[in-house]
Amino acid sequence: MHVATTTTNRDSEPETVRFAPSPNGLLHLGHARSALLNWRFAKACDGRFLLRIEDIDTTRARPEFERAISEDLNWLGIVWPEPPRRQSEHFADYSEALAELRRLDLVYPAFMSRAEAASHIREAEAGGRIWRRDPDGAPHYPRQDRNLGETERKRRIHRGDPHTWRLDMQAALKGLQANLTWQETGTGPAGETGRITADPGVWGDVVLARRDVPSSYHLAVTVDDALQQITTVIRGHDLFAATSVHRLLQTLLGLPAPTYLHHDLVRDETGRKLSKSDGDVSLASLRQKGVRPEVIARMAGLS
Ligand code: GLU
């Protein structure tokens, strides 16, 4: 991977932000908030706004949703200077990063299916063990596969056993020279701002490459933010905890650390965050109903 800088001194670079939706559904007011915050930030500092299409999940991504993303953003008055970076066209970049982590002996092939892992965890919990969960509520992956010998790993891979690649979190944390931190310029619900101490260990052995795709969200976002020279990552507060993983991967791969601005989410009347999969009202349908873009901004909590 060829990245221009490996330090955080970026005084001479233009501010660069990105809006990074996944084309697996229509955008809603939450996306409008994120996109407009990125756009206004870029405008205010004469910086660059980039669009990134996060379509590594090739089973769910659809070209019609990508087209709809462009239409919605243009309607909101947002334009971008260069073609979007489509993650599905850059798997080689993520594989290169994974190969680097393999060289450092910080990843391992994980062979348990979701059901096998779940039953292993159920048994351990039935035996009185407290099983740790990550900030999204998913149980940590059992450590068994980490302890498989090299010969056994090779044998199973050679045999064609399906596997993901996971970060060996304990080993990764052991090698760190200092506490990981990041600069947060948002003010989250709990007032998190300023220098934040990262806590990647709460995530366990995160997936870095899936069975079907040679990457994962965490790996692709880390690599792309560096390759696209993103200086400030502006995104929803639901990704605040994931930033700890991204800071760890940046450090392991020698990549620069952007500043982060995690913004409040748009919620419905019951306080639930909006979601494509719950069929929340889309920007396209609001547009069809004749709602004006400036009203969308207000509906998304912006002036
Ligand atoms: N692709 C992610 C989403 O649609 C956003 C990732 C990010 O901004 O880091 O929620």
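None of the figures in this text is laboratory data; all of them are computed from the coordinates on show. Because the structure is a prediction, the values reported are computed rather than measured. Glycine also receives a Cβ, built like all others from the backbone with ideal geometry; neighbour counts cover every protein chain displayed.
The tail of the calculated P(r) for region 164-303, taken as Cα-Cα distances beyond 20 Å, holds 57 percent of the pairs.
Normalising the average separation of contacting C-alpha pairs (under 8 angstrom, six or more residues apart) by the number of residues puts the relative contact order of the chain at 26 percent.
Which of rounded, prolate, oblate describes region 37-110, given a ≥ b ≥ c as roots of the alpha-carbon gyration tensor eigenvalues and a/c under 1.5 marking rounded, otherwise prolate only if a/b is larger than b/c? Here region 37-110 falls in the oblate category. Residues Arg159, Arg292, arranged from fewest to most other Cβ atoms within 10 angstrom of their Cβ, appear as Arg159, Arg292.
Here the translational diffusion coefficient of the chain follows from Stokes-Einstein with Rh set to the Kirkwood radius across Cα pairs; for 25 °C and 0.890 mPa s it amounts to 118 µm²/s. The distance linking region 104-123 with region 221-246 is 26 Å (Cα centroid to Cα centroid, whole angstrom).
Protection proxy ranking, highest mean first, for peptides 175-184, 248-257: 248-257, 175-184, where packing is the per-residue count of other beta-carbon atoms within 10 Å, averaged. Among Glu294, Glu269, the order by Cβ neighbours within 10 angstrom, fewest to most, reads Glu269, Glu294. Membrane-span-like helices in the chain, defined here as complete DSSP H runs extending at least 24 Å along the helix axis by their C-alpha atoms with mean Kyte-Doolittle hydropathy no lower than -0.5, are absent; this is a sequence and geometry rule, not a statement about a membrane.
In the calculated pair-distance distribution of region 227-290, the portion above 17 angstrom amounts to 58 percent of the Cα-Cα pairs. Shape of region 66-140 from the C-alpha gyration tensor: oblate (a/c of 1.5 or more and a/b not above b/c, with a ≥ b ≥ c the square roots of its eigenvalues).
The convex hull defined by the C-alpha atoms of region 91-213 has an orientation-averaged projected area of 10.2 nm². Counting only aspartates and glutamates at least 8 places from Lys276 when in the same chain, those with an alpha carbon closer than 16 Å to its own are Glu54, Asp55, Asp57, Glu64, Glu66, Asp72, Asp238, Asp268. Report summary: the helix-based calculation at 222 nm, which adds -39500 (n - 2.57) for every DSSP H run with n ≥ 4 and divides by the residues of the chain, gives -10500 deg cm²/dmol.
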